[in-house]
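Below: one structure, written as structure tokens.
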Amino acid sequence: MNIIIAIVVIIILTIGIVWLIDKFVPKKIKPVINILLWVLIIFLGYMTYMSVYREIEFNQLKEKRFAVVIDRLIDVRDAQLAYKDVNGTYTDSFDKLINFVETGQVPITQRRDTLVLDEERTKLFGGVETMKTLTLIDTLSFYSVKDSLFKGSDRYKTMMNVGVGKEGAKFKLQAGKLEEFSVFEASVEKSVILYDQEPYLIEKENQVVSVDGVNGPSLKVGSMTEVFTKGNWPKSYANKE
């Protein structure tokens, strides 16, 4: 935006100079100077247009690439949630996560309450039968993680790959404990996704703070600093959840 403002100011100043020349410069020199100045005005106008157009193109490209990355981060998140259901914690290894998706079976359970004799309280009350409630969890069957989450697709085998931007780029996967809670985070820097774009546009994107933008320098799901399993993308990507 600063560049655009500067160019617009220069154009206005140039037009003012043309007017001054028209008023005070000798007629013999006027044609040459006027041509040069108008060439400068046209050039600056073109630069202004291109700076705006580049930003429009950048935003369109950014949204397409972010959409691809978000799809993959959601796959990672869903696989991690299933992994935790079975193993009690998240993993920081894509190899383990992929192997789990390939072979993992998640139990389908049913909770039910039943009354049983509370022997200690029965003795305490002199033989008067006292009952207590126990919650039992029955395993009804199992479902395949691969079939449930990926429905015949093998895209889980490459879920570690960012898929767009810098060739060969992979997500950073972390897992651990936050007090007694398990947490995980999968992330990639925006500069990796947009590596082939103008540096000033990438830097501007890294500084985004908006309800309609992806805040911060990375695109990620989960968090290592709070118990959170959603992504940091905005409501405009709500259909990606």
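The values are calculated or read from the model by the stated rules, or taken from the named source; none is laboratory data. Being a predicted model, the structure only gives us computed values, none of them experimental. So basically every Cβ, Gly included, is an ideal-geometry build from the backbone, and we count neighbours across all protein chains shown. Ligands, DNA and RNA are stripped out before the accessible areas are found, and what is left, the full protein with its side chains, is counted by its heavy atoms. Shrake-Rupley method; radii C 1.70, N 1.55, O 1.52, S 1.80 Å.
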- Would you mention how many residues in the range 30-68 are at pLDDT 90 or above and either touching a helix residue (DSSP H, G or I) at 6+ places or on another chain (Cβ under 6 Å) or not in a helix (DSSP H, G or I) (or both)? 2
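Hey, can you tell me all the residues within the range 98-132 that are at pLDDT 90 or above and more than 15 Å from Ser148 (Cβ to Cβ)? Break it down stepwise before answering.
Residues of the range 98-132 at pLDDT 90 or above: 98-102.
Passing the criteria: Ile98, Asn99.
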- How many residues, within the range 201-227, are more than 14 Å from Arg72 (Cα to Cα), open to solvent by 40 Å² or more (accessible area, probe 1.4 Å) and in contact (Cβ under 8 Å) with a residue 24 or more places away in the chain? 8
- Pull up the range 178-189, narrow it to residues that are of a type outside the set (Gly, Ala, Ser) and in contact (Cβ under 8 Å) with a residue 60 or more places away in the chain, then point me to the one that is nearest to Val227 (Cα to Cα). Val183
